[in-house]
1. So how many residues does the stretch 191-232 have that are touching a helix residue (DSSP H, G or I) at 6+ places or on another chain (Cβ under 9 Å), part of a strand (DSSP E or B) and exposed (fewer than 14 other Cβ atoms within 10 Å of the Cβ)?
2. Can you tell me how many residues within the stretch 233-247 are touching a helix residue (DSSP H, G or I) at 6+ places or on another chain (Cβ under 6 Å) and in a helix (DSSP H, G or I)?
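The values are calculated or read from the model by the stated rules, or taken from the named source; none is laboratory data. All values derive from a computational prediction rather than experimental measurement. Here the Cβ is made from the backbone with ideal geometry for all residues, glycine too, and neighbour counts use every protein chain on show.
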């Protein structure tokens, strides 16, 4: 796609719309992508296969770029009715698999061309170009919306690369794994921190160059606990140390060990071994205190 945009020297929206479609396998593999580039830069020298191509495909210099172009040519050039042209559309979208009916449309197309007076060579070339769309192609509306999203994404990636990568990470999609997007974020200068009980949110957040991975990335961390931490932090403020966190949140030993192991208490400047020891000590102490309070209440009753 980058190579295509360079060859086109694309600098306007309509060219980007066309590029979003001609990069598809259908147009590219038939050689019509290369033909489109040539005609794009030599518009005065364009030779149309037939006057109908000039009438209906002048915007794309006589090249069938969109699914609608194929439907128009099938209808006006070969006088197929719109129902038959729709069979071509479904074949182009990859959702239609009836080879018999597709072959019937081919026979009807060639027979109509002969009746109209088109030469066999011309009819065969037009069909070849149309058939290439059966591989895969876009309709114009799809290309237009894809071009808008592509342009906006490229703008953000160019001028706000770190924020863009954080958004991609939080989108939980994309072709690659989340780890790769974190590496891209690192390449763009992001100062990435592991999840932190005082600075992280449910999703990954960014402020300037500082990035805190979201709690959602901790495998095995319960969503209810994440919500409890965030609600407690919002109402009572940041945690001063591990003991305060245990007293306020009471996360349970397994979940607490998980948070410590991923570095969620790095702000304490204590080693993970030290924190794990303290976690067991404070948790055991809290259990004993709770048991003592329970016993006192029971005796009073």
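1. 0
2. Residues flagged as touching a helix residue (DSSP H, G or I) at 6+ places or on another chain (Cβ under 6 Å) and in a helix (DSSP H, G or I) within the stretch 233-247 amount to 3.
Conditions (1) in a loop (DSSP other than H, G, I, E, B); (2) out of contact with any helix residue (DSSP H, G or I) (no Cβ under 9 Å at 6 or more places or on another chain); (3) modelled with pLDDT under 90, marked per residue:
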residue: 52; (1), (2), (3): no, no, no
residue: 55; (1), (2), (3): no, no, no
residue: 58; (1), (2), (3): no, yes, no
residue: 62; (1), (2), (3): yes, no, no
residue: 68; (1), (2), (3): no, no, yes
residue: 72; (1), (2), (3): no, no, no
residue: 78; (1), (2), (3): yes, no, no
residue: 85; (1), (2), (3): no, no, yes
residue: 90; (1), (2), (3): no, yes, yes
